[in-house]
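No lab work stands behind these numbers, since they all come straight from the coordinates. What you see is a predicted model; the values in this text were computed from it and never measured. Cβ placement follows ideal geometry from the backbone for every residue including glycine, while neighbour counts extend to all protein chains displayed.
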Amino acid sequence: MRDANFAPVYCSLYPEFAEIARKYGYALAIHGSLARDMDLVAIPWTESAGNPQAVVDTIVSEFSITQANGWTTREHGRLVTTLVIAFGDCFVDLSFMPVSAPADAGEARLTDEQRAMLTQAADFLELKHSRLAAVALRALLNGADHAR
């Protein structure tokens with residue numbers, strides 16, 4: 001038989017957390033086994049997905065939960081924070097996927113200043129015998145703004 005864990009506690013919290021996330025325009029998914037902690041991923045689901053800190057503030061105000069630390073940025077731009085449940089043995093790692101630009105926002109364009117800085121960086125890389133890096137940067141520059 002396996003040792004008891006806090007999975008039932010986490011499962012009982014999930015519906016309320018999901019409802020709070022939904023109010024701010026996020027879908028909430030459980031990731032992981034729930035054996036040690038609860039890993040949640042908030043995915044922007046509406047065009048007006050709110051500020052992640054507002055979601056955390058609402059959770060903290062409605063439950064005996066504290067935000068253990070600030071935010072860290074992880075792979076793919078995820079914002080991550082840890083929530084501690086009252087008695088300190090339960091933890092929730094809450095990740096928010098970044099909100100992307102609307103589909104009709106159009107392509108991003110480099111300013112002339114940005115283009116000049118990146119061109120200068122490519123020139124520097126070429127001088128330092130990083131030809132491959134310079135070629136890659138120039139290819140990105142040429143592909144970043146098709147209008148030029």
Length-normalised contact order of the chain, Cα under 8 Å, at least 6 apart, in percent, tallies to 16 percent
Using θ = phi - 60° and Karplus 6.51 cos²θ - 1.76 cosθ + 1.60, couplings along segment 47-60 (whole Hz; Gly, Pro as x)
5, 10, 4, x, 6, x, 5, 5, 5, 4, 4, 5, 4, 4
Dipole magnitude of segment 1-111 about its Cα centre, charges +1 at Lys/Arg Cβ and -1 at Asp/Glu Cβ only, in debye to the nearest 20?
120 debye
Which percent, nearest 5, of DSSP beta bridges in the chain are antiparallel?
75 percent
Label-point separation (nm) for W45 and N5, each offset 7 Å from Cα along Cα-to-Cβ?
2.5 nm
How far, in nm, would the chain grow between R22 and F124 when pulled straight, counting 0.36 nm per residue and subtracting the alpha carbon separation?
31.9 nm
Trypsin sites (Lys or Arg not before Pro) within segment 1-77, DSSP loop, no more than 14 other Cβ atoms inside 10 Å:
R2, R36, R74
Given [x] 135; [y] 178; [z] 107, the label whose value is volume of the Cα convex hull per residue in Å³ derived from this model
[y]
Between P52, P15, P98, where does the largest GNM mean-square fluctuation fall for the chain, given springs only between Cα atoms within less than 10 Å?
P15
What residue among Q53, Q114, Q67 has the largest mean-square fluctuation in a Gaussian network model of the chain, using Cα springs under 10 Å?
Q114
